[in-house]
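**Q** Submitted below is the structure of interest, expressed as structure tokens.
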Amino acid sequence: MNKNFDPSEIETKWYKFWEESGFFEAKPESNKDTFCIMIPPPNVTGTLHMGHGFQNALIDTLIRFKRMNGYDALWQVGTDHAGIATQMVVERQLESEGITKEDLGREEFIKRVWDWKESSGNTITKQIRRLGSSVDWSREAFTMSPDMSQAVLEVFIKLYKEDLIYQGERLVNWDVELQTTLSDLEVDNTEENGSLWHLKYQITNESKYLIVATTRPETMLGDTAVAVNPEDDRYKKYIGKSITLPITNRQVPIIADEYVDEEFGTGCVKITPAHDFNDFEIGKRHGLEIINILNKDGTLNEEVPKSFIGLDRSSARKKVLSELEKLNLLEKTEPYKVTIPRGDRSGSILEPFLTKQWFMDVNEISKKAIDVVKSEESTFHPKNYENTYFAWMKEIRDWCISRQLWWGHQIPAWYDKDGKVYVGSSEEEIRKENNLDEQVKLKRDEDVLDTWFSSALWTFSTLGWPKSRKLLDRYHPTDVLVTGYDIISLWVSRMLMMTTHFINEVPFRKIFVHGLINDSSGQKMSKSKGNIIDPLDIIDGIDLKSLIEKRISGLMQPKMEEKIKNQTIKEFPEGIKPYGTDALRLTFCSLASGSREVRFDFKRVEGYRNFCNKLWNASRFIQMQLDNFENFERTKPSGILDDWINARMDIAIEKTNNALSDYRFDLATQSIYEFIWYELCDWYIEFCKINLNSQSLEASEKNLLLNSMIEILEKTLRLSHPFMPFITEEIWQNFKDLHQSKNESVAISSFPQKKEKYGSKNADDIEWVKQFISGVRNIKGEMKISPSKTITSIIQSANEEDKRKVKKHKELLFELLKIKELNFIDEKNAPPSAIFTLGGMKILIPLEGLIEPDKEITRIDKLINKLQTELNSITSKLNNDNFIENAPQELVNQQRDRSNYLSNEINNLEIQHKEINKLI
RNA sequence: AGACACGUAGCUCAGUAGGUUUAGAGUACUACCUUGACAUGGUAGGGGUCGGCGGUUCGAGUCCGCCCGUGUCUACCA
């Protein structure tokens, strides 16, 4: 074994071994209990980000844990076709070739997307492998695969027949860049600096003006009313009259509507029903004309004066403002914070736009989805996330499911020449069903479905629905969904609706909601901010130059380049070192405490890398001992140290089990960290060293001890495998000849179980030895006695049990503390010493030639002070009658004991103080 | 504006049905140690009036209220 653990040498090797051996494949034929998790499908053409890394670490830990605990574990893997994102990428590729998708035509274009999917689709799946995720690759799914498309088709048709899918003409969120609608959830509302312009609208045939305030002056070309509050005394008299709209010179009515707030602005509102959601509603109430002034690409259409036609939105705004200025109709301009709706993919400003779209009526099916959470068939963890869920579900509006894209599930609807719509699985089917002969021309709806429509079917469509129920019956409902809170409404709620509706089961029994990973300053990681980190760069490392390159390539705003560069240099002056997958996974697990936001700290990764190295070297030590031992024989281990370390191991097992059942990955990680470092390495191995070097120990006893070391190591590897799969596999395989497991891999070995009590007396003995050693070390440390300096020690007031322990473990104490002489004496004859008590026993280190008295005085005073503070607080409690009366008896007793102990201890120290003071 | 979180050592975080730790861990810091598993190490140590104020209680980092600060989500007044 190498001196230092090098993850890069082993990771891909073991993953390949696992995958080729089929260890991660579900076993539907087995009679084991099942445990199933669905991967939240990542974008097929996307790349891994920290969120994926975090989530994969958590899911994989759970899955491996369950698999090792004897479950038939299925981690269903797959990807999402990500309609908009993928289409955007391919369109951009075409753009660089100088062609548009229209040049290619729909069929060719889709071919190109498939090509791109094939060529880049492996990126994400390769990355998932690098994380060590034990997914079942034999069942890899894709939302656009034939099977899943079949499921989508079936669902759409059924919902249509149930009248839950319908077409409607409404204002929708329109992305002028991508030229498609978006659902409400795909809108990012950002607060930006804008202006509030006050426009003067002349009242027709009067010299008076109404002043309206607007943040979007260009829409005035589509105004069809001015509204005031019916109770507003200032304007009551104008209601029913009209104003003459500047520029277009259209006459528009002055109407009264409660919606208008007298207090805000001037109390007059321009109404543009075609381009504002609120105005649209007002328009409906008042039967106003709806004038759409925009083309699909955001330019002005023929509804506006000639000189405006064809202008884009921002030019139109400038021109409107300058015209108004010329006409002296621009009252004033003031700076104003406006909330701008932007497409979450394109980033372009969205327009409310009147079009005919397909909608899903979610009123009924949302009720069922609420009920299953209320009745706890499906539960959120942490529970308070159900508030987010309920809040969203109660306010839920019909879901706009059509998208004006080419990449996606094309809507199975056909139109005849009169526009009559037929919905069915194919044109042929529809003709048959409706007795339409070849004469009747049918044209298919060009739109595709929202990607989330197919993702909503994920839990059951990946398990073979509608073709077969075999897997569905076995693995559904899935056990837990592991996801971020940001997609509770986007995805979780829709799965709950679709699944309860179609399968009449919840999609998952538990919804474990984890936090989101931010950068070290608490900022959300995003491409545009230039603070993204690729998890693989933490695993493999990356130099500064490449990191900067990665962060600034393909940036939407080139302006940011310099800033991102500097910020990256500042944060990673030497790039990122390679830490390996196990260290990264441990870091992720240790951050999963249940908090909402998680700041990613490289210092933690470094700490866990060191931890991996620690485990590596512990194994290396064991290996070396075996190499140096003649005639090693494999037997069942026994002995004091073996009893003790197994007892400590049991505590770690229990803590880990409890923590994982509560999704406290941080506590689980901590228990393993503490066991390996603070018990196994700091004590067990140190004790073993002494025993193995001991002259007084028989070879057969050493042989037993070596067996203990092998078995405890093997058990430790199984305990920590779910958290750090690669290093544990590497060591486990290295030791295979020694531990002689029947299994091929630690990945399919069983998770260690808590045993019946190990020789508890032995375990207690070792804990006592640890305390003895720590106590003396404290004195040596504080007195600045060099660790290598030998000391003499005196023991007073030892009872028979103490004497037995000292005698029995003399060698451990002597070696670890460099004690050269140890005597039992009675109270009277003690020389001036530093003192430490263990139970009733006093351990004395004579000052003579070792310790300067004044230093010891300082140490004693510090201790007295500390103990006195505590004693004071306990005394005041015990003097309080209310405390005695109300507190549990057990606690009162405890505090009394503590109080006695403290007084006694303080008393001893004070005597010491006096004794030593004599020397000064 | 509303809802929901969060504010504990320089930094990143635990503190799990109010009283067992004398508020903990990692990291950073200080001193000593280059002793053959590991300097990606060892031993010892310093560092927090648990955001502020008030309340409930015998007892509050832990429960309640208000305030200050931070963040996220939702809804927006043109």
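Laboratory data are not the source of any read-out in this text; all were calculated from the coordinates shown. Source: prediction; values computed, not measured. Backbone-built Cβ (ideal geometry, glycine too); neighbour counts: all protein chains shown.
**Q** Measuring from a point 7 Å past the Cα of residue A:627 along Cα-to-C-beta, which residues in the range A:1-22 have an amide N at less than 11 Å?
**A** Once the point is set 7 Å along Cα→Cβ of residue A:627, A:1-3 turn out to lie under 11 Å by backbone N, inside the range A:1-22.
**Q** So if I restrict to the alpha-carbon atoms in the range A:644-703, what is the Rg, and what is Dmax, the biggest pairwise distance, in Å?
**A** Cα only, the range A:644-703: 15.3, 49 Å (Rg, Dmax).
**Q** Going by average Cβ neighbours within 10 Å, how do the peptides A:49-57, A:412-420 rank, with the highest at the top?
**A** A:49-57, A:412-420
**Q** Here is a further query. Give me the extension gain from residue A:697 to residue A:166: residue separation times 0.36 nm, minus the current Cα-Cα distance, reported in nm with one decimal.
**A** 182.7 nm
**Q** Under the rule of at least 5 residues apart or a separate chain, name every residue whose amide H is placed under 5 Å from the amide H of residue A:379.
**A** The answer is A:510, A:511.
**Q** Within 10 Å, count the other beta carbons around each residue, average over each peptide in A:61-72, A:293-304, and list them highest first.
**A** For the peptides A:61-72, A:293-304, the packing ranking is A:61-72, A:293-304.
**Q** Still on this model: For the range A:180-351, what is the relative contact order in percent, using Cα pairs closer than 8 Å and at least 6 residues apart in sequence?
**A** Relative contact order, the range A:180-351: 31 percent.
**Q** With contacts defined as alpha carbon pairs under 8 Å and 6 or more residues apart, what's the relative contact order of the range A:772-894 in percent?
**A** In percent, rounded to a whole number, it is 27.
**Q** I've got another one for you. Using each residue's phi in the range A:673-687, evaluate 6.51 cos²θ - 1.76 cosθ + 1.60 at θ = phi - 60° and report the 3J(HN,Hα) Karplus result to the nearest Hz, with x for Gly and Pro.
**A** These are the phi-based 3J(HN,Hα) values: 4, 5, 4, 5, 7, 8, 9, 5, 7, 5, 10, 4, 5, 5, 5 Hz.
**Q** A further question on this structure: What number in nm² do you get for the range A:601-758 if you take the convex hull of its Cα atoms and divide its surface by four?
**A** Computed as one quarter of the Cα hull surface, the answer is 9.5 nm².
**Q** Quick one: of A:126/A:524; A:789/A:918; A:111/A:563; A:655/A:862; A:111/A:441; A:284/A:441, which pairs are farther than 28 Å apart, Cα to Cα?
**A** In this structure, A:111/A:563; A:655/A:862; A:284/A:441 lie more than 28 Å apart at Cα.
**Q** Turning to a different aspect of this structure: Grab the Cα-Cα distance for residue A:195 and residue A:893, subtract it from 0.36 nm times how many residues apart they are, and report the gain in nm with one decimal.
**A** 244.2 nm
**Q** Also: With just the Cα atoms defining each centre, how far is the range A:1-67 from the range A:130-198? Give it in Å.
**A** Between the Cα centres of the range A:1-67 and the range A:130-198 lies a distance of 28 Å.
**Q** Using alpha carbons only, how many angstrom separate the centre of the range A:329-377 from the centre of the range A:603-651?
**A** Between the Cα centres of the range A:329-377 and the range A:603-651 lies a distance of 58 Å.
**Q** I'd like the FRET efficiency for residue A:561 and residue A:4, computed as 1/(1 + (r/R0)^6) with the beta carbon distance as r and R0 of 25 Å, rounded to 0.05.
**A** Efficiency, from the Cβ-Cβ distance: 0.10.
**Q** Once the piece of chain linking residue A:602 and residue A:334 is laid out straight, how much longer is it, given 0.36 nm per residue of separation minus the C-alpha distance between them?
**A** Extra length from residue A:602 to residue A:334 when fully extended: 91.9 nm.
**Q** Convex hull over the Cα atoms of chain A, averaged projected area in nm²?
**A** Mean projected area for chain A: 53.4 nm², to one decimal.
**Q** For a quick check of your reading of the filter: which GluC sites (Glu not before Pro) in the range A:699-730 sit in a DSSP loop and have no more than 15 other Cβ atoms within 10 Å?
**A** none
**Q** For the pair residue A:207 and residue A:281, what calculated FRET efficiency results from E = 1/(1 + (r/R0)^6), where r is the Cβ-Cβ distance and R0 = 25 Å, to the nearest 0.05?
**A** Between residue A:281 and residue A:207 the formula returns 0.15.
**Q** Add +1 for every Lys or Arg and -1 for every Asp or Glu among the other residues with Cβ under 14 Å from the Cβ of residue A:606, and state the total.
**A** Cβ neighbours under 14 Å give a net charge of +2.
**Q** Within the range A:62-102, what residues put their amide N at less than 11 Å from the label point 7 Å along the Cα-to-Cβ vector of residue A:743?
**A** Output list for this probe position: A:64-71.
**Q** Within 10 Å, count the other beta carbons around each residue, average over each peptide in A:595-606, A:447-458, A:179-190, and list them highest first.
**A** A:447-458, A:179-190, A:595-606
**Q** Before anything else, pin down the relative contact order of the range A:559-645: Cα pairs under 8 Å, at least 6 apart, normalised by residue count, whole percent.
**A** Reported relative contact order: 26 percent.
**Q** For a paramagnetic label modelled at 7 Å from the Cα of residue A:313 toward its Cβ, which residues of the range A:253-285 fall within the zone defined by backbone nitrogen distances under 13 Å?
**A** A:275-277
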